[in-house]
Amino acid sequence: MTSIRFSLFVIFTLLLSSTCIAQQPQYEFRGVWIATVLGIDWPPQNVSVAQQKAEFIRQLDLHKRNGMNAIIAQVRPSGDAFYPSPYEPWSQWLTGVQGRAPVPFYDPLAFMIQETHKRGMEFHAWLNPYRAEFSIGRSSVASDNMIRKRPDWFVTYGTTRYFNPSNKQVQQFVIDVVKDIVRRYDIDGIHMDDYFYPYPIGNKPFPDDYAYKKSGTTLSKADWRRSNVDSMIRNLDIAIKTLKPWCKFGISPFAVWRNASQDPDGSNTKAGMTNYDDLYADILLWLKKGWIDYVTPQLYREIGDHLIAYETMVDWWSKHSYGRHVYIGHGIYRYYENNTNWKKPAQIPEQIRILRNNPRIQGSVYFSSKSFDRNPAGWNDSLRNNYYRLPAKIPPMPWLPERPKN
């Protein structure tokens, strides 16, 4: 009887595994964020160029084994550059001092793109649009930084210095930085995260009263702030598509656009802050207008969360994509927090199953790269042996022309 039960168990396991593999979509975006601010994921600090390169390759190979097909790497974390830029200084998180080039010299962005493409994966260049000095008085600021050249472009909020989103010269500067990347590098996409107007610090007002009054606008201050961000997003899309019509433009916003208590189009959530009301980022407008090609909401909550439930937000974003792609952002880093829900091995597999059951969701992106190093909750094994065992192609975007063959 024991041998019969064992045989039945083996058969059941094989059938379950086969079912999961059979359910894997042919097209699915499977990405990983590689954060460079503070060296969160890459590069390691105080190491040689050879060691920087080896570590990036190690992470790429890990993600390739896990079945990933895209990398979203941060190349402009704070008014700086992980590539030789005519506009901004070398990042302090690359060499330890802002403005100092790597020795021996190499172009990290060109290197990252080459190694990513070599493995058949897409490369999306991730930029923070407005952050300029990460920690005032503690961050390294080069002599040719725009903070020193054009101090009138910046505002201080809390302990961080920001490009002023209402300044038209700032908007054009950010667009020029993006155009330079698109023109010179073989990227597959431009990616921006959730930091538009900064997250509120208590009741501390953002210091733009003077700019608002000077503008002469008849809009409310909130609508005026949103219009400032809208203008940049619209013009960024125009600039990107003019240079390379096939290059994608994506945004990874905070999980909640608006709560239903604030707007009938909002989600059934109880978020303490929202994209629309606090970050002045009207993501839905950008999707409706077709100014962005994909959205990657940062759904770093667990299934059944009492404020922002994962399953609720997957359904909501799927109904508000307006024909653009939705890639769900998973917070695997939360395994390392003191939260029992994120210790459960089933958390990420269940999240994948939920999104795969929704035909209007095209994939996933994971935050962040080094969180995979210790195989949290066995999720590396789950991905490579089951959910991502079969490779998937990047979902096509029918509104974009095909990328020219090299």
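For the chain, with every protein chain kept in place, what is the accessible area per residue (1.4 Å probe, Å²)?
Details: 17570 Å² over 406 residues.
With all protein chains present, the chain gives 43 Å² per residue.
As a test of understanding, state the convex hull volume per residue of the stretch 46-177 from its alpha carbons, in Å³. Don't skip to the end; give the middle numbers.
Working: hull volume 15.9 nm³, N = 132.
Dividing the Cα hull volume of the stretch 46-177 by its residue count gives 120 Å³.
Got a sec? What order do 184, 161 fall in by accessible area at 1.4 Å, biggest, i.e. largest, first?
Numbers: 184 110, 161 60 Å².
Sorted descending by solvent-accessible area, the residues read 184, 161.
Rounded to the nearest 20 debye, what is the charge dipole size of the chain about its Cα centre when +1 sits on each Lys and Arg Cβ and -1 on each Asp and Glu Cβ? Before the final figure, lay out the partial values.
Numbers: 50 positive and 38 negative charges, 96 e Å.
Result for the chain is approximately 460 debye, rounded to the nearest 20.
Any idea which of 291, 365, 120 is furthest toward the positive side of the dipole for the chain, if Lys and Arg beta-carbons carry +1 and Asp and Glu beta-carbons -1?
120
Over the alpha carbons of the stretch 278-330, what is the largest minus smallest coordinate on each principal axis, giving the biggest first in Å?
Between the extreme Cα coordinates on each principal axis of the stretch 278-330 lie 32, 24, 16 Å.
Between 86, 129, 44, find the one with the highest GNM mean-square fluctuation for the chain; connect C-alpha pairs within less than 10 Å.
Fluctuation is largest for 86.
Where does helix 347-356 land angle-wise versus the long Cα axis of the chain, in degrees 0 to 90, nearest 10?
Relative to the chain, helix 347-356 is tipped by roughly 80 degrees.
Which angle from 0 to 90°, rounded to the nearest 10, does the C-alpha axis of helix 221-243 make with the longest principal axis of the chain?
Relative to the chain, helix 221-243 is tipped by roughly 70 degrees.
For residue 212 paired with residue 261, estimate the spin-label separation in nm (one decimal), with each label point 7 Å from Cα along the Cα-to-Cβ line.
Placing both labels 7 Å along Cα→Cβ, they lie 2.3 nm apart.
If you line up the Cα atoms of the stretch 138-296 on their principal axes, what length do they span on each, largest first, in Å?
That gives 45, 36, 34 Å along the principal axes, largest extent first.
At 1.4 Å probe size, with the rest of the protein present, what percent of the exposed accessible area of the stretch 305-406 is carbon and sulfur atoms? List each step's numbers first, then the result.
Working: 2450 of 4860 Å².
C and S atoms contribute 50 percent here.
Among 235, 56, 202, flag the residue with its Cα farthest along the positive direction of the charge dipole of the chain, charges on Cβ as +1 for Lys/Arg and -1 for Asp/Glu.
56
In the chain, what % of DSSP beta bridges are antiparallel (nearest 5)?
Values: 7 of 42 bridges.
That works out to approximately 15 percent antiparallel.
Setting aside same-chain residues fewer than 8 positions from residue 149, which lysines have a Cα under 19 Å from its Cα?
Straight-line reach from residue 149, under 19 Å: 168.
Given H placed 1.01 Å from N in the peptide plane, which residues other than close sequence neighbours of residue 122 have an amide H under 5 Å from its amide H?
70, 71
Starting from the Cα of residue 241, draw a straight line to each of the aspartates and glutamates and keep only those under 16 Å, dropping any in the same chain fewer than 8 residues away.
Straight-line reach from residue 241, under 16 Å: 176, 180, 186, 188, 293, 402.
On the protein heavy atoms, probe 1.4 angstrom, tell me the percent of accessible surface of the stretch 89-191 carried by carbon and sulfur. Walk me through the intermediate numbers first.
Numbers: 1920 of 3960 Å².
Summing carbon and sulfur atoms, their accessible area is 48 percent of the total for the stretch 89-191.
Please state the relative contact order of the chain as a whole percent: Cα pairs under 8 Å, 6+ residues apart?
Values: 690 pairs, mean separation 73.5, N = 406.
The value is 18 percent.
Name the shape class, rounded, prolate or oblate, that the alpha-carbon gyration tensor gives for the stretch 267-406, where a ≥ b ≥ c are the square roots of its eigenvalues, rounded holds for a/c under 1.5, and otherwise prolate holds if a/b is larger than b/c and oblate otherwise.
Details: a/c = 1.96, a/b = 1.16, b/c = 1.69.
Since a/c reaches 1.5 but b/c is at least a/b, the shape of the stretch 267-406 is classed as oblate.
Please work out, to two decimal places, the log10 of the ratio I(q)/I(0) at q = 0.30 Å⁻¹ from a Debye calculation in which every Cα of the stretch 342-385 carries one identical scatterer.
-1.20
Just read off the accessible area of residue 340 with the full protein assembly in place, 1.4 Å probe, to the nearest 10 Å².
Answer for residue 340: close to 110 Å² accessible.
At q = 0.06 Å⁻¹, what base-10 log of I(q)/I(0) does the Debye formula yield for the chain when every alpha carbon is treated as an equal point scatterer in vacuo?
Once normalised to I(0) and log-transformed, intensities are -0.25.
The values are calculated or read from the model by the stated rules, or taken from the named source; none is laboratory data. All figures in this text were calculated on a predicted structure; none of them were measured in a lab. Glycine gets a Cβ as well: all are built from the backbone with ideal geometry, and neighbour counts include every protein chain shown. Note: areas computed on protein heavy atoms with side chains; ligands, DNA, RNA excluded. Shrake-Rupley method; radii C 1.70, N 1.55, O 1.52, S 1.80 Å.
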